[in-house]
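Undergrad: Can you keep this structure in mind? I'll have questions shortly.
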Amino acid sequence: MLEILSASIDKVVNIIEALGYPGVFLLSFLDRLTVFLVPGEVILPAFGILVNRGVFDFWPVFWWVTVGAFLGNFALYFIFLKGGRPFLEKYGRYLLISKHDLNHLDRWFSKHGDMIVILGYLLPTSIRSLIPIPAGISKMNPLRFSLYTLIASVPGNVFWIYIGMKTGDSYKKVLAYFDRFNYAVIAIIILFIVWYVIRHIKGRHLTHE
């Protein structure tokens, strides 16, 4: 994965340098809307690398990143706010998602939604790109979602841009540490999915008995 991310950084840097500030906005928007197109840990430091080279200034980059990422997050949230629950109520059984699971998600988000959004965006992994999906499905209040998205996203944006700005082309060395952490998070997600599938299969067997 490290080799892929390193190559991605080079490509992103070249694209952004050609597009200028509109490219900063566009890639930030697409990063959040398309979830895993290019990880934020690649895009944001790439912006910082260009600040390091003198191509961009820090504050305009920060501004366009914040606006683009927020609009991308909100667009993904809005899509699932309007269509996520009807889709899952109709086809969720094929994904092992029942109405009981959706109701449980609603209760969970009503109690802990603010903290889930904040902590989700603060995690230095690609998992934060998924946060708007459960928030939309559970119909989290749009103003609350927007507020906590901005509160949690801004520090992360500053951090990753600053890392790219300070390390410059040496950022690929930093990726080695991120790569290990990302693998650990992916392993946890896979274990959770396996547990979830097994639990549903056992539940179906008990229902039929």
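The values are calculated or read from the model by the stated rules, or taken from the named source; none is laboratory data. A quick note: this is a predicted structure, and the numbers were derived from the prediction, not measured. Virtual Cβ from ideal backbone geometry, glycine too; neighbours counted across all protein chains shown.
Undergrad: So which of Ala46, Ala152 is in contact with a Phe, Trp or Tyr (Cβ under 7 Å, 6 or more places away or on another chain) and modelled with pLDDT under 90?
TA: Answer to the selection: Ala152.
Undergrad: Sort out which residues of segment 49-83 are crowded, with 21+ Cβ neighbours inside 10 Å and small (Gly, Ala, Ser), and write them in order of number.
TA: Once the filter is applied, which keeps residues that are crowded, with 21+ Cβ neighbours inside 10 Å and small (Gly, Ala, Ser), segment 49-83 yields Gly68, Ala69, Gly72.
Undergrad: On to the next question. Could you check, for segment 118-129, whether at least one of its residues is more than 26 Å from Phe25 (Cβ to Cβ), at pLDDT below 85 and either of a type outside the set (D, E, K, R) or in contact with a Phe, Trp or Tyr (Cβ under 6 Å, 6 or more places away or on another chain) (or both)?
TA: Yes - at least one qualifying residue is present in segment 118-129.
Undergrad: Now a separate question. Give the number of residues within segment 103-144 that are of a type in the set (Phe, Trp, Tyr) and on the phi > 0 side of the Ramachandran plot.
TA: 0
Undergrad: Of all residues in segment 73-113, count the ones that are not hydroxyl-bearing (Ser, Thr, Tyr) and not in a helix (DSSP H, G or I).
TA: So the answer is 2.
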